[in-house]
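The values are calculated or read from the model by the stated rules, or taken from the named source; none is laboratory data. Predicted model, so just to flag it, every value in this text is computed and none were measured. Here the Cβ positions follow ideal geometry from the backbone for every residue, glycine too, while neighbour counts run over all protein chains shown.
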């Protein structure tokens, strides 16, 4: 009921009377009053005016199951329509994979306020303190073959970049294939994992970690990591960002599912690509070299021009890319 | 201790005295006597002769943790060195995947006497009654990139075919990519699943289901499925087959890990390939056609010659193959 009350209050231009809430949800005045107190405790500024009713005039950075559900309700068809929220979790990717094995529905979203075993690529750790970041993982059941699945990292990076631009107005960029950059520093990491048979995807999990309200970073990464709060100078609300990402991702995913390639975002993606038109180091297992990044092709590979003028496409599964003079 | 006693009895040419067993394992005569009774109950024929000791003169088809461990001890380095045996399990692949997530070691082997939720490809069911079949799944942690993993199905099919030929002397053949055939009927199915990041394998699970002592099949599959018992006419022991497969697979896997392609078995594999030199139907998502199968290439794809004389390589992730006149 809290989710529905939140949604009703948020969508109403005017005060919503206690009477109306009682009738809509078939509960007592006391029950309504209790919910209002819970909302205040969670960080909502609820104004109560005699003879008029309740109104939400603002909120702190509230991250709860109900906040997420009420923001996503009616906004998407499947992305985040089933939310599994925890204050504390081992890792949202691990949880989403478990839910995938147990038969959870396409688009199930796992969100946590804190991770005790947050993970980056190749099993590396991902520092995940409480209250400051978005830790989210979406579980998908694509019908296309496994070979197409790596393109989903590109789809998610593109969706997150667009969502952050919408929510903050900042010039957020993409570092191919799985990071998001703000003012030359990392603000988002994406970790795609999948469970497949040779010709069949059981499920894909895409984890997104976003530095939102982090105030400081450890010295060793301070020159290459930042947060929205550091860049904007004030606390940002996480839940609306999650909702905006889900909305962007759902649109993008549905188009990708039809086309099974990235031609529909290729041009726009390359405009957001921080590496585009720059010299980069291509780090492969057998060979590393400097090249000029030209952008992604329609399957999400990075096209580069080598120093001898020859063009090459490099695959995210085989190389990593960094700037010639540092991280970007 | 039962595992070690079994191994000692099996390896000894002569009787092993109770005294010797007591001293070797530091236990009482009563403890040894209890183990002998357990072994008899499980189906071993234990001969006990006064003043000489114990000897195993034969056994029924015993499938227990100790039987598997004692057969694998010293035979392989890592394949099946950690055995997880259950009388009844949902699915050995599901269990092996869980163990993979929980950090189990490379080569962990899950074996069950019966599956309640046995699975074939694409989530299809796999009938898994008790006492008659081998249900086994090995969990691997390859260091090569995900794109190489589908070749492991070929490595396993080859290893199973060789092991069954060794154990039974029968002319067992391979149906590309993941079935084993005896006298034109299916006797083994293989299901490879993997958990990956874009450029990194978390783990691979290869499940193998073998019809060993099945007496009859449901009418609808009786013309395309068979068992060792049906073909040979008597009950076969399952545990030694499991051990032989692990031994073959370990050798093959280690070579594959070095080469990262299948050139080292290509010629031998093609000799065992039931489709080789035959007309087959290639069933793709967009196109189906009849062609002449020529064998696999060094990456495990099937080379076929189309009716217009052109050669093509087809990938297990994209097509399925059946005989022109039926299953094989």
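Structure data summary
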quantity	calculated
Residue match in segment A:178-190 (condition: within 14 Å of another protein chain (Cβ to nearest Cβ), part of a loop (DSSP other than H, G, I, E, B) and at pLDDT below 95)	yes
Segment B:300-328: number of residues that are modelled with pLDDT of 90 or more and under 25 Å from the mean Cα position of the chain (by Cα)	3
Which numbered condition residue A:265 fails, given (1) in the same structural domain as residue A:248 (by TED's automatic domain parsing); (2) in a loop (DSSP other than H, G, I, E, B)	(2)
Odd one out for residue B:313, checked against (1) farther than 25 Å from residue B:185 by Cβ; (2) within 14 Å of chain A (Cβ to nearest Cβ)	(2)
Residue check, residue A:254 exposed (fewer than 14 other Cβ atoms within 10 Å of the Cβ), under 23 Å from the mean Cα position of the chain (by Cα) and in contact (Cβ under 8 Å) with a residue 12 or more places away in the chain	no
Test set (1) surrounded by fewer than 24 Cβ atoms within 10 Å (Cβ to Cβ); (2) at pLDDT 95 or above; (3) in contact with a helix residue (DSSP H, G or I) (Cβ under 8 Å, 6 or more places away or on another chain); (4) over 22 Å from residue B:235 (Cα atoms) - residue B:170 fails condition number	(4)
Single match in B:77, B:95 (criterion: assigned by TED's automatic domain parsing to the domain that holds residue B:210, more than 30 Å from residue B:318 (Cβ to Cβ) and at pLDDT 95 or above)	B:77
Of the criteria (1) part of a loop (DSSP other than H, G, I, E, B); (2) surrounded by fewer than 22 Cβ atoms within 10 Å (Cβ to Cβ); (3) facing chain B (nearest Cβ under 10 Å), which one residue A:143 fails	(3)
Among (1) crowded, with 20+ Cβ neighbours inside 10 Å; (2) assigned to a loop (DSSP other than H, G, I, E, B) - the single one residue A:71 does not satisfy	(2)
Residue check, residue B:155 in contact with a helix residue (DSSP H, G or I) (Cβ under 7 Å, 6 or more places away or on another chain), within 14 Å of another protein chain (Cβ to nearest Cβ), assigned to a helix (DSSP H, G or I) and farther than 13 Å from residue B:211 by Cβ	yes
Criterion (in contact with a helix residue (DSSP H, G or I) (Cβ under 6 Å, 6 or more places away or on another chain) and either away from chain A (no Cβ under 14 Å) or surrounded by 21 or more Cβ atoms within 10 Å (Cβ to Cβ) (or both)) met by exactly one of B:128, B:132, B:105, B:137	B:137
Residue in segment B:77-90 that is in contact with a strand residue (DSSP E or B) (Cβ under 9 Å, 6 or more places away or on another chain), within 12 Å of another protein chain (Cβ to nearest Cβ) and either within 21 Å of residue B:249 (Cα to Cα) or part of a loop (DSSP other than H, G, I, E, B) (or both) present	yes
Residue count, segment B:288-327 (criterion: buried (at least 17 other Cβ atoms within 10 Å of the Cβ) and in a loop (DSSP other than H, G, I, E, B))	5
Counted residues, segment B:195-227 - those being part of a loop (DSSP other than H, G, I, E, B), out of contact with any strand residue (DSSP E or B) (no Cβ under 7 Å at 6 or more places or on another chain) and either away from every other protein chain (no Cβ under 14 Å) or surrounded by 19 or more Cβ atoms within 10 Å (Cβ to Cβ) (or both)	7
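Residue by residue, here is whether (1) part of a strand (DSSP E or B); (2) surrounded by 14 or more Cβ atoms within 10 Å (Cβ to Cβ) holds:
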| position | (1), (2) |
| --- | --- |
| B:20 | no, yes |
| B:30 | no, no |
| B:36 | no, yes |
| B:51 | no, no |
| B:56 | yes, yes |
